[in-house]
Amino acid sequence: MLRSVLCLLLMLASYVEADPIRVYVGTYTRQDSKGIYTFTLNTETGATSEPQLAAELVNPSFVAIHGDNLFAVNEVSNMGDGKRGVGGVTGFQIEESGQLKKLNSQVSGGAGPCHLSVDHTGKCVVVANYGGGSVACLPIDDQGMLKEASTFIQHTGSSVNPRRQSGPHAHSANIDATNKFAVVADLGLDKLLVYKLDAATAKLTPNDPAFVKSEPGAGPRHFNFHPSSKFAYANNEMTSSVTAYQFDNQKGVLTPLATYSTIPEPVEGNSTAECLVHPNGKFVYVSNRGHNSIAMFAIQDDGRLKAIGHESTQGEIPRNFGISPDGKFLLAANQNSGTVVVFKINPETGKLTATGTVLKIPTPVCVRFYVP
């Protein structure tokens, strides 16, 4: 009798769906887009709700979430009120309905902010200004309000490509698991710059050594740490490649291991956009714009990579993509197609399989998950 009851309970449990997870998508406000969109994802089936506008904002191309707060860049060069030559960062409170309540905005210190990260304690935001070639750190108060930048650092220099690298172009800012270091990928300088981070005071200071060089003309764009903190990976926009690094999380030192192509054969005009490590630490994924695919790599014990194939994103110009916190799904944002496509991830092989779920969201750029 007891065994029968247990079997019945197990059968009933198998029919109980997991709670859906909320997803936010940052966009360029071109054509029909009005700002940040949201929907829910069923973490068992990959099905979604219909996307809804969560907040109106100009060019919130990249967003970051900490707790019940969402922060978005304003990827512009004029924030208004006489604040020319600079973009901004806007903070929101995530409401129970999924809508976003605006708290306030601050200037980012430079033009065209394109990426930002919140430190792990929720005390500050680090933002990369692509157009201005600079990085800034903004404090967050106890109510989630942004304060004026405590740190602003202007990058200087150039690299070998006169069209793309005549000056600095900070393209991403990522914070390591210890919360002691921020790594800023600068496409214009062919460098990953490492800063010491004091989150409590929102201060950045150059590490020693202050940077690691990429291959000339590579154009490092985005960057992601391995869950072990022993390794890190950066996609190189201009050479369609990804570089594996060893990371010393005590000293903040990055050491290049090897670089790998993200396309199976040359594709004219291809460039990479995003690079993410799977939560289980076994795989790296990189988006190709032009080849319109996700390149898949297996991570070896020494941090190096082994190519395991490519999966079409079923759209044009995939930008950022997001991996669900449970590692089950990858959501690819196809900017030019106006779609977000849901893929199932095989946890053993790392391969992607389209679920058939395709969402219509105008000019999507960034996908982020909210876990209350």
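The values are calculated or read from the model by the stated rules, or taken from the named source; none is laboratory data. Being a predicted model, the structure only gives us computed values, none of them experimental. Methodologically, a virtual Cβ is constructed for each residue, glycine included, from the backbone with ideal geometry; neighbour enumeration extends over all protein chains shown.
Computed values, structure above
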read-out	value
In segment 58-95, the residues that are touching a Ser or Thr at 6+ places or on another chain (Cβ under 9 Å) and over 25 Å from Val342 (Cα atoms)	Val58, Asn74, Glu75, Met79, Arg84, Gly85, Val86, Gly87, Gly88, Val89, Thr90, Gly91
Lone qualifier among Gly315, Gly290 - being over 20 Å from Pro220 (Cα atoms) and at pLDDT 95 or above	Gly315
Given (1) more than 23 Å from Lys230 (Cβ to Cβ); (2) under 17 Å from the mean Cα position of the chain (by Cα), index of the condition Ile263 fails	(2)
Residues located in segment 172-192, provided they are part of a loop (DSSP other than H, G, I, E, B) and out of contact with any Leu (no Cβ under 7 Å at 6 or more places or on another chain)	Asp176, Ala177, Thr178, Leu187, Gly188, Leu189, Asp190
Residue in segment 141-160 that is within 20 Å of the chain's Cα centre (by Cα) and among the aromatic types (Phe, Trp, Tyr) present	no
For Thr243: the one exception among (1) part of a strand (DSSP E or B); (2) surrounded by 16 or more Cβ atoms within 10 Å (Cβ to Cβ); (3) among the hydroxyl-bearing types (Ser, Thr, Tyr); (4) over 18 Å from the mean Cα position of the chain (by Cα)	(4)
Residue list for segment 318-362, filter: assigned to a loop (DSSP other than H, G, I, E, B), closer than 19 Å to Thr29 by Cβ and of a type in the set (Ser, Thr, Tyr)	Ser337
Residue within segment 249-265 that is of a type in the set (A, V, I, L, M, F, W, C) and touching a residue at least 60 places away in the same chain (Cβ under 8 Å) present	yes
Residue check, Leu276 over 17 Å from Ile308 (Cβ atoms), buried (at least 17 other Cβ atoms within 10 Å of the Cβ) and of a type in the set (A, V, I, L, M, F, W, C)	no
Selection count, segment 42-77, where residues are closer than 24 Å to Ser172 by Cβ, part of a strand (DSSP E or B) and either in contact with a Phe, Trp or Tyr (Cβ under 6 Å, 6 or more places away or on another chain) or among the aliphatic types (A, V, I, L, M) (or both)	8
Cβ pairs under 7 Å, 6+ apart, first in segment 284-298 and outside any strand (DSSP E or B), second crowded, with 24+ Cβ neighbours inside 10 Å and of a type in the set (Ser, Thr, Tyr)	Asn292/Thr313
Residue satisfying condition, being buried (at least 23 other Cβ atoms within 10 Å of the Cβ) and either of a type in the set (Phe, Trp, Tyr) or closer than 24 Å to Asp208 by Cα (or both), within set Phe225, Phe231	Phe231
